[in-house]
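Written below as structure tokens is the structure these notes are about.
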Amino acid sequence: MQADLPAGTVTFLFTDIEGSTNLLTELGEAYTEELETHRRIVRASVERHAGAEVGTEGDSFFVAFASANEAVAAAAEAQQALAAGPVRVRMGVHTGEGWPVAGDYTGIDVNRAARICAAGHGGQVLLSQATRDLVEAETRDLGPHRLKDLETPQHIFQLGSEVFPPLQTLHQTNLPLPATQFLGRGRELGEVLALLSSEDVRLVTLTGTGGVGKTRLAIAAAASVVSDYVHGVWWISLAPVRNSDLALAAAAQVVGAKHDLPAHIRDRHMLLLFDNFEHVVDAAPGVSALLAECPNLRCLVTSRESLRVGGEHVYVVPPLGETEAVLLFSQRAKSDERVVDGEAAVTEICRRLDCLPLAVELAAARSSVLSPARLLERLEARLPLLTGGARDVPERHRTLRATIAWSHDLLSGEEQRLFARLAVFTGGATLETAEAICDADLDDLQLLVERSLVRQTQDRFWMLETIREYARERLEEAEEVAQLRRRHAVHFLELAERTGPELKGHHELDAIRALAAEHANLQAALGWAIDTELSRVTPAVLEALTDYWAVRGHVLEGVRQLERVLDTDSVPRATRAKALQLAGRLGTYTGQLERAVEQLEESGRLWEGLGEPTELARTHAVLGDALLKADDERADPVLERALDLFVATGDDVGRRNVLHLLGEAAWHRRDLERAEDFLERSLEVARKVGDHTFTGATLHHLGDVALADGDHDRAEALYGESLGLVWEAEARRLAAYCLAGLAATAACTGRVERAATLWHAVEEAEGSLGLQLPTAERALYAARLEGVPTDTRPGLSLEDAVGRGLAGLSRRTAAAEGGE
């Protein structure tokens with residue numbers, strides 16, 4: 001009978017027999033008896049330590065405990081008893097939130113516990129950071145690891161000091177998880193790994209024709225060495241990037257650099273994988289300079305051409321071996337429950353396609369309607385055409401182009417037109433967008449998916465870059481290309497303009513997600529408009545995009561795009577004024593205060609000349625913020641003028657912003673009563689408008705006021721409410737600020753371990769997100785944290801730190817309500 005399941009803070013234990021299939025083969029009929037013995041041992045340990053068995057599946061257990069100490073004790077006891085037998089069991093323990101429904105648990109914490117278990121080896125007990133912090137036991141720190149289906153690295157500890165093989169994880173990396181098996185390539189993988197392990201090799205470029213498998217080989221090589229790089233292996237996809245100036249900005253975004261990528265990396269041991277570099281090959285000198293400044297950095301690059309810089313080691317990726325290509329064909333054809341026969345015909349198909357992976361996959365996609373013999377027949381009939389092409393282009397490249405052409409030529413005229421039109425998108429499109437811009441027909445679109453020319457992920461349709469390049473060539477040949485590019489740009493710029501106001505209101509979260517899904521298309525649309533039709537780059541478009549860039553942390557991209565607008569001839573005065581205003585705003589985030597003040601002062605002069613009091617007020621508000629951050633005494637009068645203008649124009653959002661800034665200014669002068677008055681007035685407007693992010697930011701600053709006034713309980717409550725709001729809005733920068741405040745209040749109320757853990761997470765976030773706590777706020781928190789020991793353990797991920805911060809608040813609130 002199932003015991004009562006605990007609720008609230010629950011510790012989950014997962015167990016699994018290692019190599020159960022092999023064990024069954026070795027033990028034969030005795031396996032059943034050993035399996036039953038294993039079950040009795042685990043269940044006895046669970047019962048002795050008040051665990052509740054949630055369920056079993058095969059030879060695995062899922063158990064819940066109200067106490068982390070009891071869970072770990074049960075795991076240790078069971079492992080000790082199992083050590084005498086042939087059954088080796090891996091166990092994973094994680095503490096989080098759990099609410100049983102119908103005798104079961106679901107949610108991220110259950111998934112995390114299961115993934116931790118799966119990463120271990122027989123006889124090993126693994127603990128999450130959350131569990132480790134709650135128990136008194138000897139543990140071994142295994143560092144941060146990336147687990148399947150979990151986006152952020154998880155810090156893992158091992159119970160006891162026994163030495164086991166490396167965990168079966170992706171370690172600290174954002175490498176994509178391939179959906180299909182990596183076939184063959186043993187020799188090539190070994191050769192690439194040999195290059196990466198050589199002391200005098202720091203830049204390796206994998207070259208070869210499109211579709212030869214450069215990316216897949218590079219990801220496999222990078223995944224093999226993640227444990228060699230203390231500070232991670234990071235994948236930078238350059239496929240959507242068309243401007244070479246943004247290549248290193250993309251890398252900075254991935255690794256969390258604020259604006260100076262070399263300064264962020266410094267002496268860190270790190271591997272960067274730049275994928276699809278041929279799109280931005282002019283950025284190659286920047287990679288070379290980066291390596292020169294960062295002595296422990298290595299770069300792995302995929303490109304259809306070499307970078308042609310000093311120190312580069314080029315590795316030409318060959319086609320698959322014939323046996324591997326046949327296996328690839330068979331696997332892909334069967335992946336959709338297709339039956340493949342005629343091995344000789346398949347072998348000949350692969351041979352005629354030079355065993356190029358993409359060509360083989362395209363041919364396999366046709367097996368749904370054609371047998372291998374028929375496929376070969378059609379391929380042979382077109383062979384003279386398929387092997388043609390320019391003599392200075394590699395044979396493999398001509399074959400691949402012809403293979404794509406072969407699939408393309410099987411389409412009807414309407415399907416071919418749609419295929420070409422879809423190349424206008426960068427990063428794919430929804431069905432509705434494809435219908436609006438390309439006049440897409442759902443049946444035709446689905447046919448392109450079935451023929452592996454278009455792929456579908458949830459509600460988006462997209463192309464492999466190699467295929468998109470071929471489609472783009474077809475689009476360039478079409479008379480409608482200019483019209484389509486304009487329709488694309490107008491559609492996405494209107495999306496930005498339409499969505500912009502929602503970023504400041506009740507639908508803020510939906511607006512952020514809508515723009516995030518179309519980030520690459522927005523980037524392409526803005527670039528087209530800057531180069532071709534500047535009148536489309538309206539002040540409203542720039543403001544919407546800047547609001548999005550600021551919330552999602554794409555500050556560097558925003559700065560560069562705004563500078564492109566400012567560097568363009570014949571910019572309308574209103575557009576220039578808005579671009580200066582927004583560039584100055586982003587400059588306050590990156591710390592470029594002197595430049596920001598210059599831009600904002602010029603923007604103010606332009607708006608005054610144009611007779612735009614609302615925009616003049618907004619510029620004064622941002623200028624006041626920059627002056628405040630620069631500790632300039634002009635801040636107050638500039639902000640007060642902005643407030644008068646906002647009141648006169650009836651702009652609630654602007655009034656909210658400047659009231660908040662006046663509160664900050666008063667707080668900087670330690671006029672706490674005046675600061676609280678301004679901030680409360682700002683909060684009232686923010687709640688009325690429905691802006692989650694701004695409401696959270698204002699609550700955070702009210703927490704600072706309470707902390708400075710010595711009201712620690714109120715400060716903690718305000719920081720906690722703020723954290724819940726900004727985390728829901730995915731505002732990671734503000735979440736880190738809230739954690740800093742919670743660390744300070746924990747120190748003030750004697751919770752030293754909590755203070756050390758949260759503050760260490762803030763310091764880690766400063767590095768990973770490229771943020772910088774304002775000087776005055778850092779001084780406030782540091783004064784309260786004086787005497788708190790430095791946490792020498794690796795910091796929590798921001799996600800785990802937020803969970804810890806909110807969980808601590810819940811427990812403290814519950815204790816207070818219970819009279820404890």
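The values are calculated or read from the model by the stated rules, or taken from the named source; none is laboratory data. Just so it is clear, the model here is predicted, and its values are computed rather than measured. Here the Cβ is made from the backbone with ideal geometry for all residues, glycine too, and neighbour counts use every protein chain on show. Note: areas computed on protein heavy atoms with side chains; ligands, DNA, RNA excluded. Shrake-Rupley method; radii C 1.70, N 1.55, O 1.52, S 1.80 Å.
A few notes on this one:
- Candidates are the residues of the stretch 596-609 that are more than 17 Å from A626 (Cα to Cα) and touching a helix residue (DSSP H, G or I) at 6+ places or on another chain (Cβ under 6 Å); the one that is least open to solvent (accessible area, probe 1.4 Å) is W607.
- Subset of the stretch 471-505 [more than 21 Å from L515 (Cβ to Cβ) and either of a type in the set (A, V, I, L, M) or touching a helix residue (DSSP H, G or I) at 6+ places or on another chain (Cβ under 6 Å) (or both)]: A471, R472, R474, L475, A478, V481, A482, L484
- Looking across the stretch 32-49, the residues that are of a type in the set (A, V, I, L, M, F, W, C) and either within 14 Å of I17 (Cβ to Cβ) or in contact (Cβ under 8 Å) with a residue 40 or more places away in the chain (or both) come down to L35, I41, V42.
- Number of positions in the stretch 80-107 that are free of Cβ contacts under 8 Å to residues at least 40 places away in the same chain and open to solvent by 70 Å² or more (accessible area, probe 1.4 Å): 5
- When the stretch 624-639 is filtered for residues that are assigned to a helix (DSSP H, G or I), closer than 19 Å to L582 by Cβ and open to solvent by 30 Å² or more (accessible area, probe 1.4 Å), only K629 remains.
- Test: residue in the stretch 460-474 that is modelled with pLDDT of 85 or more, under 15 Å from W549 (Cα atoms) and either basic (K, R) or open to solvent by less than 40 Å² (accessible area, probe 1.4 Å) (or both): no
- Flag for G604 being over 23 Å from Q253 (Cα atoms) and among the small types (G, A, S): yes
- Flag for T205 being modelled with pLDDT of 85 or more, outside any helix (DSSP H, G or I), crowded, with 17+ Cβ neighbours inside 10 Å and polar (S, T, N, Q): yes
- The single condition among (1) assigned to a helix (DSSP H, G or I); (2) open to solvent by 30 Å² or more (accessible area, probe 1.4 Å); (3) at pLDDT 90 or above; (4) under 23 Å from A801 (Cβ atoms) that N111 does not satisfy is (3).
- Out of E684, E763, E753, sole residue that is closer than 29 Å to A514 by Cβ and open to solvent by 40 Å² or more (accessible area, probe 1.4 Å): E684
- The set of residues in the stretch 293-311 that are over 18 Å from S197 (Cα atoms) and hydrophobic (A, V, I, L, M, F, W, C) comprises L307, V309.
- Some residue of the stretch 211-222 being among the basic types (K, R), under 22 Å from Q561 (Cα atoms), in contact (Cβ under 8 Å) with a residue 24 or more places away in the chain and open to solvent by 30 Å² or more (accessible area, probe 1.4 Å): no
- Condition check for P86 on (1) at pLDDT 95 or above; (2) of a type outside the set (A, V, I, L, M); (3) in a loop (DSSP other than H, G, I, E, B): one failure, at (1).
- Yes/no for V72 being within 33 Å of the chain's Cα centre (by Cα) and either under 19 Å from I156 (Cβ atoms) or not acidic (D, E) (or both): yes
- All positions within the stretch 431-450 that are open to solvent by less than 50 Å² (accessible area, probe 1.4 Å) and either free of Cβ contacts under 8 Å to residues at least 40 places away in the same chain or in contact with a Leu (Cβ under 8 Å, 6 or more places away or on another chain) (or both): L431, A434, I437, C438, A440, D444, L445, L447, L448, V449
- Picking from residues in the stretch 523-540 that are more than 25 Å from the chain's Cα centre (by Cα) and of a type in the set (A, V, I, L, M), the one that is farthest from A239 (Cα to Cα) is A540.
- Each residue in the stretch 531-548 was checked for being open to solvent by 10 Å² or more (accessible area, probe 1.4 Å) and either in a helix (DSSP H, G or I) or at positive phi (or both), and 9 of them qualify.
- Residue match in the stretch 643-657 (condition: within 33 Å of the chain's Cα centre (by Cα), open to solvent by less than 30 Å² (accessible area, probe 1.4 Å) and not aromatic (F, W, Y)): yes
- Of the strands (runs of 3 or more DSSP E) entirely within the stretch 1-70, those holding at least 3 residues that are open to solvent by 20 Å² or more (accessible area, probe 1.4 Å) occupy 8-17, 52-57.
- Selection from the stretch 505-527 of residues that are open to solvent by less than 50 Å² (accessible area, probe 1.4 Å) and of a type outside the set (A, V, I, L, M): G505, E508, E518, H519, N521, Q523, G527
- From the options R266, R304, residue that is among the basic types (K, R) and over 22 Å from G591 (Cα atoms): R304
- Exclusive hit being modelled with pLDDT of 80 or more and of a type in the set (A, V, I, L, M), set A345, A363: A345
- Members of the stretch 585-595 that are open to solvent by less than 60 Å² (accessible area, probe 1.4 Å) and either at pLDDT 95 or above or within 25 Å of the chain's Cα centre (by Cα) (or both): R585, L586, G587, T588, T590, G591
- Any hit, the stretch 248-271, residues being closer than 30 Å to L183 by Cβ, touching a residue at least 60 places away in the same chain (Cβ under 8 Å) and among the β-branched types (V, I, T): yes
- For E494, the test of being charged (D, E, K, R), assigned to a helix (DSSP H, G or I) and within 30 Å of S682 (Cβ to Cβ) is failed.
- Among all positions in the stretch 548-569, there is at least one residue which is modelled with pLDDT under 90 and among the basic types (K, R).
- Evaluation of L291 against (1) under 28 Å from T590 (Cβ atoms); (2) without any contact (Cβ under 8 Å) to a residue 60 or more places away in the chain; (3) in contact with a strand residue (DSSP E or B) (Cβ under 9 Å, 6 or more places away or on another chain) (one fails), failing number: (2)
- Some residue of the stretch 93-102 being part of a loop (DSSP other than H, G, I, E, B), in contact with a Pro (Cβ under 7 Å, 6 or more places away or on another chain) and not polar (S, T, N, Q): no
- Residue list for the stretch 771-794, restricted to those being exposed (fewer than 14 other Cβ atoms within 10 Å of the Cβ), modelled with pLDDT under 85 and not in a loop (DSSP other than H, G, I, E, B): T775
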